[in-house]
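Chemist: There's a structure below that I have some questions on.
The values are calculated or read from the model by the stated rules, or taken from the named source; none is laboratory data. Because the structure is predicted, anything quoted here is derived from the model rather than measured. So basically every Cβ, Gly included, is an ideal-geometry build from the backbone, and we count neighbours across all protein chains shown. Accessible surface is based on the protein model in full, side chains and every heavy atom, while ligands, DNA and RNA are left aside. Shrake-Rupley method; radii C 1.70, N 1.55, O 1.52, S 1.80 Å.
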Amino acid sequence: MDDELRIRFDELTDNPSARVPISLVLDVSGSMEGPPIAELNRAIVWFMQALQQDEIAASAAEVNVVTFGGHVNVVAPFRDINRQQISRLGANGNTPMGGAVITALAELDQVKRQYQETGTDYYQPWLVLMTDGAPTDDITQAVNECQKRVAGRKLTVFPIAIGHAANVTVLSQFSQHLPPMRMDAVNLTEFFSWLSASVSQVVGTSMPGDGGAMDATEEAFKNAGTISWGRAIERV
Amino acid sequence: MRALFLGGVPLSVCDSMAVGAGAKVKWRAVGAAATGRKHQGLGRQGQDAVFARTKSANSVVVVCDGAGSAANAMMGARTIAEGVGQFLLRRAARLANQDATAQRAQIAACVQRLVSRTASRAGIPEASLASTLLFAVARGRFVLLGQVGDGAVLVRRPRALGWLRLPLATRGEHAGETVFATHPNMGDYLHLACLDDVDGLMLMSDGAESSLVKRANGEVSPAVAKMAGWVRHESLSRARKALRVAAEQTLVQRTLDDVGLAVMVQTAALPAAGPEAGDVKTRLGS
């Protein structure tokens, strides 16, 4: 075919790929010391590698990490997966969960503003909240903010209870329609494998914008433990 | 006549289609669809469907993008593209003499009939056929454009320098969130524009849009004018092949999504009717 009847790549527009912002809000309080924090570190490494190895997920996912253990810390700000560096987490201190969630929501708002300014499409943000205990600060504002956003379909919260001491009643307040999952720390890698695969699933999938339908990822999370990633995982 | 302002540039908008009656202007229509890299990787067919056809004085293009979240989206996109395309070809003359309210009611009723009948025959929920809908019907100088959901409609005005994007799309805040033609109140979400001063237009699904229109500022890529030139100046078979190759080999490389696009251009004097001047069959993602 003649060259005049072909489109060259330099004749196309180069839009940024649509992003899936994922905020990992992780309990690193003193009770996570020992095997739990070691498993959490291992699972995060696994998660980042799984995202990088999947072409679709690698082009879409942007992850940040907010920890709460003694104080709230943005360990890793939102960044392209291939440039993201997450240092090894240690465990100590109390459990300021409310402050961590508020910080994560502010970080999500900021990255959304950046997307809007650069004409970058983005999918509904995800917030993964993991704890093995109960908050030691006031969570009222954090719960209200999460509930408002979840109800408006501006946020999906995945609440994860690690071990049997985690307070699932508290966790359940953060998400009205996704009940918490309880799992042992050794199952965290399975959860993160499922989460990375879910990024690919959601990218390129269009859905009604009227909030009438639950997206496939939320549906899978609700059914998890029976079909997706559960061995020693308990629906709470 | 009223004005539709687009980035400060007024486009003349007709209130009825009477402007097209008796006009000597003719149109050519070509479309192409290609399976995106995500569906290729999963071994699935694409969910974009395209209809492009000229029959006597009427030309029609339709682009439908099946919803990834819907179980029978491919069936829905194909059904709506073909059904709405045929409807517009048959009814162009009548639509040309109606006001927007009547046009909207007829087109919405057509889509609802198609969806209802298909769902009933297949024993599936209507919502599982979810698909966006973009269409254009031209008769003489008159052009009626319609859109439900996302994707883009580009138009070119005679003597204008470039292509403009019409603000007809319905999108949510988040990527992929939109409205589908299967919505029970689809007519409420049907954006219509009746224009009488365009000589070219292009409809595209959001997958094609990501390669052809800059999201940040609406800037249209040079490839749009090039593809419209094929349809205007080349034989239909060459234009059809070139558009298919562009969709399958180039556009899909810039997106994970399926690609569907259709071009319709005005031509003052079409070649004499022959095998090339015949209809362009519906093209579907494969």
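Chemist: In segment B:37-124, which helices (runs of 4 or more DSSP H) lie fully inside it and hold 1 or more residues that are under 30 Å from B:GLN253 (Cβ atoms), open to solvent by 10 Å² or more (accessible area, probe 1.4 Å) and free of Cβ contacts under 8 Å to residues at least 40 places away in the same chain?
Modeler: Working: elements: B:37-41, B:73-96, B:100-122.
Filter on segment B:37-124 gives B:37-41.
Chemist: What are the residues in segment A:179-206 that are within 12 Å of the chain's Cα centre (by Cα), within 14 Å of chain B (Cβ to nearest Cβ) and either aliphatic (A, V, I, L, M) or open to solvent by 20 Å² or more (accessible area, probe 1.4 Å) (or both), if any?
Modeler: A:VAL199
Chemist: Please verify whether segment A:133-145 includes one or more residues that are in contact with a Leu (Cβ under 7 Å, 6 or more places away or on another chain) and open to solvent by less than 20 Å² (accessible area, probe 1.4 Å).
Modeler: No, the conditions are met nowhere in segment A:133-145.
Chemist: Give me the strands (runs of 3 or more DSSP E) completely within segment A:113-206, filtered to those with at least 1 residues that are at pLDDT below 90 and more than 23 Å from A:VAL20 (Cα to Cα), ordered by residue number.
Modeler: On the way: elements: A:126-131, A:156-162, A:181-183.
Passing ranges, in order: A:181-183.
Chemist: Please determine, by comparing only the residues of segment A:91-109 that are hydrophobic (A, V, I, L, M, F, W, C) and assigned to a helix (DSSP H, G or I), which one is surrounded by the fewest Cβ atoms within 10 Å (Cβ to Cβ). Steps first, answer last, please.
Modeler: Applying the first criterion (hydrophobic (A, V, I, L, M, F, W, C)) to segment A:91-109 yields A:91, A:97, A:100-102, A:104-106, A:108.
From the residues that got through so far, the ones that are assigned to a helix (DSSP H, G or I) too are A:97, A:100-102, A:104-106, A:108.
On the way: A:MET97: 29, A:ALA100: 29, A:VAL101: 26, A:ILE102: 19, A:ALA104: 28, A:LEU105: 22, A:ALA106: 12, A:LEU108: 22.
Residue satisfying both the conditions and the ranking: A:ALA106.
Chemist: Test A:ASP10 against the stated conditions and say whether it is open to solvent by 20 Å² or more (accessible area, probe 1.4 Å), within 14 Å of chain B (Cβ to nearest Cβ) and not in a helix (DSSP H, G or I). If you could, list the steps in order and put the result at the bottom.
Modeler: Working: open to solvent by 20 Å² or more (accessible area, probe 1.4 Å): yes; within 14 Å of chain B (Cβ to nearest Cβ): yes; not in a helix (DSSP H, G or I): no.
Spelling it out, it is not the case that A:ASP10 is open to solvent by 20 Å² or more (accessible area, probe 1.4 Å), within 14 Å of chain B (Cβ to nearest Cβ) and not in a helix (DSSP H, G or I).
Chemist: Mind listing whichever residues of segment B:178-191 are within 12 Å of chain A (Cβ to nearest Cβ), in contact (Cβ under 8 Å) with a residue 24 or more places away in the chain and not in a helix (DSSP H, G or I)?
Modeler: Correct list: B:THR178, B:VAL179, B:PHE180, B:ALA181, B:THR182, B:HIS183.
This table checks each residue for (1) at pLDDT 95 or above; (2) in contact with a Gly (Cβ under 9 Å, 6 or more places away or on another chain); (3) acidic (Asp, Glu).
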{"residue": "B:VAL198", "(1), (2), (3)": "no, no, no"}
{"residue": "B:MET204", "(1), (2), (3)": "yes, yes, no"}
{"residue": "B:ALA208", "(1), (2), (3)": "yes, yes, no"}
{"residue": "B:ASN217", "(1), (2), (3)": "no, yes, no"}
{"residue": "B:MET227", "(1), (2), (3)": "yes, no, no"}
{"residue": "B:ARG238", "(1), (2), (3)": "yes, no, no"}
{"residue": "B:ALA247", "(1), (2), (3)": "yes, yes, no"}
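Chemist: Report, by residue number, each residue of segment A:34-73 that is within 14 Å of another protein chain (Cβ to nearest Cβ) and assigned to a helix (DSSP H, G or I). I'd like the intermediate steps shown before the answer.
Modeler: Let us first name the residues in segment A:34-73 that are within 14 Å of another protein chain (Cβ to nearest Cβ), namely A:53-62.
Hits for segment A:34-73 are A:GLN53, A:GLU55, A:ILE56, A:ALA57, A:ALA58, A:SER59, A:ALA60.
Chemist: Out of A:ALA91, A:ALA134, report the one residue that is away from every other protein chain (no Cβ under 14 Å) and out of contact with any strand residue (DSSP E or B) (no Cβ under 9 Å at 6 or more places or on another chain). Even if it seems obvious, please write down each step before you answer.
Modeler: Working: A:ALA91 fails: out of contact with any strand residue (DSSP E or B) (no Cβ under 9 Å at 6 or more places or on another chain).
The match here is A:ALA134.
Chemist: Here is a further query. Within segment B:192-207, is there a residue that is buried (at least 23 other Cβ atoms within 10 Å of the Cβ), polar (S, T, N, Q) and in a strand (DSSP E or B)? Walk me through it before giving the result.
Modeler: So in segment B:192-207, the residues buried (at least 23 other Cβ atoms within 10 Å of the Cβ) come out as B:194, B:198, B:200-207.
Among the residues that remain, those that are also polar (S, T, N, Q) are: B:205.
Restricting the remaining residues to those that are in a strand (DSSP E or B) gives none.
The answer is no; no qualifying residue exists.
Chemist: Can you give me the number of residues within segment B:145-162 that are within 20 Å of B:ALA52 (Cα to Cα) and either within 14 Å of chain A (Cβ to nearest Cβ) or more than 15 Å from the chain's Cα centre (by Cα) (or both)?
Modeler: Step one: of segment B:145-162, the residues within 20 Å of B:ALA52 (Cα to Cα) are B:145-156.
If we keep only those that are either within 14 Å of chain A (Cβ to nearest Cβ) or more than 15 Å from the chain's Cα centre (by Cα) (or both) too, we end up with B:148-152, B:154.
Within segment B:145-162, residues that are within 20 Å of B:ALA52 (Cα to Cα) and either within 14 Å of chain A (Cβ to nearest Cβ) or more than 15 Å from the chain's Cα centre (by Cα) (or both) number 6.
Chemist: Filter segment B:209-232 for residues that are open to solvent by less than 50 Å² (accessible area, probe 1.4 Å) and assigned to a loop (DSSP other than H, G, I, E, B); which is nearest to the other protein chains (Cβ to nearest Cβ)? Even if it seems obvious, please write down each step before you answer.
Modeler: Pass one, segment B:209-232, residues open to solvent by less than 50 Å² (accessible area, probe 1.4 Å): B:209-213, B:218, B:220-221, B:223-224, B:226-231.
Remaining after also requiring assigned to a loop (DSSP other than H, G, I, E, B): B:218, B:221.
On the way: B:GLY218: 9, B:SER221: 4 Å.
Residue satisfying both the conditions and the ranking: B:SER221.
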